[in-house]
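Read the structure below first, then the notes.
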Amino acid sequence: MKQAMKVLVAVDGSQYGLAAVDEAARMPWPQGSEIKIITAIEMPTPVTVGTLPMPDNYYAEWEKALEDQATANTTNAVARFNEKGGTHAIASAQAVKGDPKTAIIEEAEKWGADLIIVGTHGYNAFERFWLGSVSRYVASHAHCSVQIVRHRKNAGTGAMKILLAVDGSACGDKAVEEIAERPWPAGSEVCVLSAIHLPMTPTPETWALPDSYYAHSEKIGRQHAEEVTGEAVARLKESNAAREVPLTITSKAIVGHAEETIISTAKEWEADLVVLGSHGYRGFRKFLLGSVSQAVASHAPCSVEIVRE
């Protein structure tokens with residue numbers, strides 16, 4: 001099983017930040033793991049009204065108010081983490097200064113985080129405008145894996161439904177290892193999914209290729225999908241030997257564009273978490289490109305973890 005992890009949880013005091021804390025508290029992290037809860041303070045820039053500068057104490061009071069709010073956010077988040085049962089990991093809190101988009105990434109690199117957990121939206125105006133832009137930026141630029149959290153419908157049950165998207169690429173294989181090596185709540189299910197992306201879809205306006213061409217293309221795509229899902233299932237079953245309660249594992253291969261297939265399957269299966277690699281094959285073997293992981297992170301109905309090598 002995976003060794004201790006360093007997990008950075010970004011909060012801002014909103015319900016979306018607290019959802020990230022709740023997710024971190026629910027997870028049975030490897031023994032000795034550390035959870036660092038941070039909030040980013042973007043300090044105000046001195047302003048003028050017309051031609052007159054604002055009083056010096058105006059800026060100082062504003063800065064202090066932001067720092068006090070940041071302290072309250074992290075204190076409340078740590079208390080919530082412990083309240084929700086997160087006693088299996090060591091939790092700490094810290095306020096960092098800077099634009100949340102870059103401050104979160106810089107702190108993750110400085111601390112050596114293995115995973116960043118962040119909500120999808122946050123407060124605006126005086127209490128800081130996070131929005132989805134922050135989670136998208138972190139997912140795009142972080143050097144470690146990133147989990148973007150949405151509220152879970154069945155959070156109280158403990159067990160999770162995890163949709164694992166694979167394509168046989170290095171990043172896809174890393175996503176498989178992430179599932180295999182980490183502990184998960186007892187009773188969790190993993191559905192291994194591979195999208196069979198055909199090279200082109202014929203239309204009445206295009207020059208028609210023989211039917212055998214499309215049949216052959218689908219056959220090759222299905223063979224590849226079944227191969228990579230089979231390898232992933234075998235690795236997950238192997239990991240079950242070290243679990244007190246084994247994961248329930250199923251697999252499927254579906255013809256369609258990767259992002260559409262992953263999102264629609266997550267909805268139909270009512271997944272709690274989608275896990276996929278950050279990048280994948282290109283050309284005929286195009287499955288999990290960076291654009292796919294970004295599309296899934298933006299539009300999936302559940303939390304999404306983007307795994308990097």
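Observations on the model:
- Fully extending the segment from residue 67 to residue 220, taken as 0.36 nm per residue of separation minus the present Cα-Cα distance, adds 49.3 nm.
- Rolling a 1.4 Å probe across all protein chains gives residue 42 an accessible area of roughly 80 Å².
- The residue among 69, 89, 105 whose Cα reaches farthest toward the positive pole of the charge dipole of region 66-121, with charges on the beta-carbon of Lys, Arg, Asp and Glu, is 89.
- Accessible area (Å², 1.4 Å probe, nearest 10) - residue 6: 60 Å²
- Note on exposure: 305, 63, 227, 83 ranked by accessible area (1.4 Å probe, complete protein assembly) read 83, 227, 63, 305, with the most exposed listed first.
- Accessible surface, 1.4 Å probe, highest first, among residues 220, 306: 220, 306
- The residues of region 215-255 expose, per residue, 60 Å² of accessible area to a 1.4 Å probe.
- Of the residues 152, 136, 235, 182, ranked by 1.4 Å probe accessible area with the largest first, the sequence reads 136, 235, 152, 182.
The values are calculated or read from the model by the stated rules, or taken from the named source; none is laboratory data. Everything quoted here is computed from the prediction, not taken from an experiment. Don't worry about glycine lacking a Cβ; one is built from the backbone with ideal geometry, like all the others, and counts go over all protein chains shown. When the accessible area is computed, the model is the full protein with side chains, heavy atoms only, and any ligands, DNA or RNA have been set aside. Shrake-Rupley method; radii C 1.70, N 1.55, O 1.52, S 1.80 Å.
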